[in-house]
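Asks: What follows is a structure written as structure tokens; I'll ask about it next.
The values are calculated or read from the model by the stated rules, or taken from the named source; none is laboratory data. It should be emphasised that the depicted structure is a prediction, and the values quoted were computed from it without experimental measurement. Note: ideal-geometry Cβ built from the backbone for every residue, glycine included; neighbour counts use all protein chains shown. Surface areas here come from the heavy atoms of the whole protein model, side chains and all, with no ligands, DNA or RNA. Shrake-Rupley method; radii C 1.70, N 1.55, O 1.52, S 1.80 Å.
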Amino acid sequence: MNRLIFQFSLIFLIVIQALSTQAQYQYPFQNPNLDTEVRIQDLIGRLTLEEKASLMVHNTQGVERLGIPAYDWWNECLHGVARAGRATIFPQAIGMAATFDAQLINQAATVISDEARAKFNEGVRIGNRGRYTGLTFWTPNINIFRDPRWGRGHETYGEDPFLTATIGTSFMKGIQGDNPKYLKAAACAKHFAVHSGPEAVRHRFNAVVDENDLRNTYLPAFKTLTDNGVAGVMCAYNRTNDEACCGGNVLLSTILRQEWGFGGYIVSDCGALYDIWKFHKLTTNPAEAAALAIKNSVNINCGDTYKAIPKAVEKGLISEKEVDSALVDALRILFRLGWFDPAEKLPWAQLSAKDVASPEHLATSREVAQKSIVLLKNNGILPLEKDIKSVFVTGPNATSFEALWANYFGYSGQLITPLEGIVEKVSAASIVEYSDGCALAEDFNFRGLWKGKETEVTIAFLGLNSLLEGEAGDAALSKFGGDRNDLELPANQIEFIKKLKEAGKPVVAVIMGGSALSLASIEPYVDAILMAWYPGEQGGNAIADVLFGNVNPAGRLPLTFYKSINDLPPFEDYNMKGHTYRYFGGEVEYPFGFGLSYTSFSYGPATLAKQKIKADENLNLELTITNTGAMDGEEVVQLYYKKEGKDENRPIKSLVGFQRVAIPKGEKAPVCFAIPTKSMQWYNTKTKQYEVVKGKYQLMIGSSSNDIKQILDFEIK
């Protein structure tokens, strides 16, 4: 009875509101003054089943008879608006995480969404409504980078759930904006869930994971983003515990929709519904796969499987009401983006070509790149003097565009390679020699070695690029579908460094790449090591800023650098034991959170406001950091916690807070934390819910996961 009353009331409201605006709008769904749910129901009531199905694939053709233009849901902005021509290129996601600066990443994402709206407005003006012109962005990638062999790991924010959730939420909010009615653009958390390789078998792989690891490692970042209003979630190619991620009741219906109350849209990864019947063999044809996905709330199919929706209805596999229910969530996103509204109604109508790749946006890209760079070794050679008499710039990444832009990138007429950045930085009287030195991999034909004997210092740009690590099909030089099978630099690069050292001059190694590498093979032969990731279009300038002391490096590693691949479990093993700093008990080359500086810092005694707190209170901490060196700098203060007592499922320690603090030389800075106890909640596999567990804890304060300065005891009662 209540449902009938609601439906009658809704119909009555539609009729009344439609009559009041009939003169201005042909249909009620076109009227921006009406309630969004009223508009959605009006539109659905005017569509045929075939038209509904056509609106549920990513590349919709629109509905001409209703004046609905075509719309392609597929767009990317992993580190800048991608694949759509000119845009500001930021550092790759793993570099964003290395900043440990959530506010800065929100600022970067705001720049990206400004450019997204500007490019969208220009596209509408010239009638360009194709792929990569829309406002539904399939970003961020918040999968946990559990194993450094995964080729797509550089798309993520690293191996820690808390860091991933924090940076991911900041990025998402910058993309979506804070308008109470409209989305500036729609972010999408991917790939849900338990997805991190192997790339070569992703279309048929079954990730097996226990409930503890699922709930306490793989899902928390997704839950945080859904709690904070992310517009979309993309389900993954693979199966998780035998269920298709894009057709599974546990992940989609039970956890995402019912437990978390997610009301946004779910989109399949591209071709994932095809995988359900073709490779996973969970259904026998496209109609059955479409029905399975719709029953589990997949709203948009990237692919063409949903073209079989009418056949699925005809066969009785699903009802048209179920189709309507799935379509509602997708249409709601388009209405929130203002797709059906006059341009002048939208807050960002004034953004245009002038707002794409502006000087201000380039400055933000440069700042993110500067703050992402991690100093791993320095025997005092850095920073270099700008009046250096001569420098030899070499290595396969010194002039590589691929090493700047990684994957999912836009284009820029202002790409600054490391060579160009150094040339612009040094004195006009400085001699800069250059040779590529060696190929990226395999070729041992070395070039320009003699230049290292005639210059004061050699700067070698080594590492990987998107040809060696990345998504299946993109990394053309990878022998493992985009993944890697070891942690070493390419063998020719190691030999090249040894040859450079024979010149007897200092050698600085700048590593570019998106994953953990074992650098022990070159460490004895170099005087300094910088990890620069894939630093974006301003990467060359940012690297030069750090090399020559304009910027004091303070990036931190968002993942563990292991000594050897032999220290890790098999790549296909999704059990967290032995993976990441939280569960790896051995010695590492560089720990999670590690990074050096050109200055030094001391930590004063930390104090807790209370040592015993209730389960709904904050843990309040204060301490003072002093810059004890001779250069202004930034310190990243990191908080980790551990529950006392024996529990094999608990990690060794877990990040629960961090702050990046700028401190002038010789000065002190107060640092305050207010840690919600909810940040320390744990999923109880017996009670089937997240709990703030009462008991005794340790709070560890440090500059990395291994460099713990102080340990404080506290209790949750």
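Asks: Could I have the simple spin-label model distance between residue 521 and residue 66, label points 7 Å from Cα toward Cβ, reported in nm to one decimal?
Replies: The modelled label-to-label distance comes out at 5.9 nm.
Asks: What whole-number distance in Å separates the alpha-carbon centres of the stretch 650-669 and the stretch 674-709?
Replies: That distance is 17 Å.
Asks: Related question: Return the percentage of antiparallel bridges among DSSP beta bridges fully within the chain, rounded to the nearest 5 %.
Replies: Rounded to the nearest five, the antiparallel share is 60 percent.
Asks: Pop out the ³J(HN,Hα) list for the stretch 84-92 in order, Karplus 6.51 cos²θ - 1.76 cosθ + 1.60 with θ = phi - 60°, rounded to Hz; leave Gly and Pro as x.
Replies: Values per residue, Gly and Pro as x: 9, x, 5, 6, 6, 9, 8, x, 4 Hz.
Asks: Provide the packing ranking of 546-553, 483-490, i.e. peptides ordered by the mean count of other C-beta atoms within 10 Å per residue, highest first.
Replies: Listed from highest to lowest mean packing, they are 546-553, 483-490.
Asks: May I pose another question? Which three extents, in whole angstrom, do the alpha-carbon atoms of the stretch 432-495 cover along their principal axes, largest first?
Replies: Computed over the Cα atoms, the extents are 43, 19, 18 Å.
Asks: Same structure, new question: What distance in nm separates the simple spin-label points at residue 241 and residue 632, each placed 7 Å from Cα in the Cβ direction?
Replies: 5.2
Asks: I've got another one for you. Which semi-axes, in whole Å and largest first, does the equivalent ellipsoid of the stretch 310-351 have when worked out from the alpha carbon gyration tensor as the square roots of 5 times its eigenvalues?
Replies: The answer is 34, 8, 6 Å, longest axis first.
Asks: Residue-wise, which Karplus ³J(HN,Hα) couplings in Hz belong to the stretch 380-394, taking 6.51 cos²θ - 1.76 cosθ + 1.60, θ = phi - 60°, and x for glycine or proline?
Replies: These are the phi-based 3J(HN,Hα) values: x, 5, 9, x, 7, 7, 5, 8, 4, 6, 7, 9, 10, 9, 8 Hz.
Asks: Rg/Rh for the stretch 57-122: what does it come to with C-alpha atoms and Rh from Kirkwood? Provide the component values of the computation, followed by the final result.
Replies: Details: Rg = 15.3 Å, Rh = 13.7 Å.
Using only Cα positions, Rg/Rh for the stretch 57-122 is 1.12.
Asks: Just how large is the dipole of the stretch 202-281 about the Cα centre, in debye to the nearest 20, putting +1 at every Lys and Arg Cβ and -1 at every Asp and Glu Cβ?
Replies: 280
Asks: So what does residue 598 come to for accessible area, using a 1.4 Å probe and Å² rounded to 10?
Replies: The value for residue 598 is about 40 Å².
Asks: Long-range amide H contacts for residue 654: which residues qualify at under 5 Å (H placed 1.01 Å from N, peptide plane, sequence gap of 5 or more or a different chain)?
Replies: For residue 654, the qualifying residues are 641.
Asks: OK, next. Mind putting a number on the dipole of the stretch 453-560 about its Cα centre? Charges go on the C-beta only, +1 for Lys and Arg and -1 for Asp and Glu, and I need it in Debye to the nearest 20.
Replies: Result for the stretch 453-560 is approximately 240 debye, rounded to the nearest 20.
Asks: If you don't mind, another one. Of 223/281; 653/688; 563/694; 190/678; 371/688, which ones are farther than 32 Å apart at the Cα?
Replies: Violating the 32 Å Cα-Cα cut-off are 563/694; 371/688.
Asks: Enumerate the calculated ³J(HN,Hα) couplings along the stretch 171-185 in order (Karplus 6.51 cos²θ - 1.76 cosθ + 1.60, θ = phi - 60°), each rounded to whole Hz, writing x wherever the residue is Gly or Pro.
Replies: Rounded to whole hertz, the list is 5, 4, 5, x, 6, 8, x, 10, 5, x, 9, 10, 7, 5, 8.
Asks: Given R₀ = 30 Å, FRET efficiency for residue 210-residue 678 by Cβ-Cβ distance, to 0.05?
Replies: Step by step, r from the Cβ atoms, then E = 0.80.
Asks: A further question follows. Show the residues, 5+ positions off or on another chain, whose built amide H is closer than 5 Å to the amide H of residue 179.
Replies: Those qualifying (amide H under 5 Å, at least 5 residues apart or on another chain) are 184.
Asks: Right, another one. Based on the Kirkwood radius over alpha-carbon pairs, what is the Stokes-Einstein translational diffusion coefficient of the stretch 93-192 at 20 °C with 1.002 mPa s viscosity, in µm²/s?
Replies: 151
Asks: If R0 is 60 Å, what FRET efficiency do you get for residue 24 and residue 254 from their C-beta distance, rounded to 0.05?
Replies: FRET efficiency, residue 24 to residue 254: 0.85.
Asks: Would you please give the FRET efficiency between residue 618 and residue 689, computed as 1/(1 + (r/R0)^6) with r the Cβ-Cβ distance and R0 = 30 Å, to the nearest 0.05?
Replies: Working: r = 22 Å, r/R0 = 0.72.
My answer for the efficiency is 0.90.
Asks: Sort 71-82, 318-329 for me by packing, meaning the mean count of neighbouring Cβ atoms within 10 Å per residue, highest on top.
Replies: 71-82, 318-329
Asks: While we're here: Gap in Å between the Cα centre of the stretch 287-303 and the Cα centre of the stretch 208-266?
Replies: Rounded to whole Å, the Cα centres lie 16 Å apart.
Asks: How large is the dipole of the chain about the Cα centre if only Lys and Arg carry +1 and Asp and Glu carry -1, each at its Cβ, rounded to the nearest 20 debye?
Replies: Working: 73 positive and 81 negative charges, 253 e Å.
Charge dipole, the chain, about its Cα centre: 1220 debye, nearest 20.
Asks: Name the lysines eligible as straight-distance cross-link partners of residue 505: C-alpha to C-alpha under 18 Å, and not fewer than 8 places from it in the same chain.
Replies: Excluding near neighbours in sequence, the set is 377, 386, 389, 451, 453.
Asks: Further, regarding this structure: Among 390-402, 345-357, how do they line up by average Cβ neighbours within 10 Å per residue, starting with the highest?
Replies: Peptide ranking by packing, descending: 390-402, 345-357.
Asks: Ignoring ligands, DNA and RNA, what percent of the 1.4 Å accessible area of the stretch 590-717 is carbon and sulfur?
Replies: Carbon-and-sulfur percentage of accessible area, whole number: 47.
Asks: Turning to a different aspect of this structure: Specify whether the C-alpha gyration tensor of the stretch 261-333 places it in the rounded, prolate or oblate class, a ≥ b ≥ c being the square roots of the eigenvalues: rounded for a/c under 1.5, otherwise prolate if a/b is larger than b/c and oblate if not.
Replies: On the way: a/c = 2.01, a/b = 1.27, b/c = 1.58.
Note, shape of the stretch 261-333 comes out oblate.
Asks: Quick check: Cα centre of the stretch 161-199 to Cα centre of the stretch 438-490, how many Å?
Replies: 32
Asks: Calculated from the structure, Cα Rg over 2.2 N^0.38 Å equals which of (1) 0.99; (2) 1.56; (3) 1.05?
Replies: Of the listed options (1) 0.99; (2) 1.56; (3) 1.05, (1) comes from this structure.
Asks: Probe 1.4 Å, all protein chains in place: accessible area of residue 408 in Å², nearest 10?
Replies: 20
Asks: Let me ask you something else. At 0.36 nm per residue, and after removing the present C-alpha to C-alpha distance, how many nm does the segment from residue 59 to residue 325 gain when stretched out fully?
Replies: On the way: separation 266, 0.36 × 266 = 95.76 nm, distance 1.98 nm.
93.8 nm is the gain from fully extending residue 59 to residue 325.
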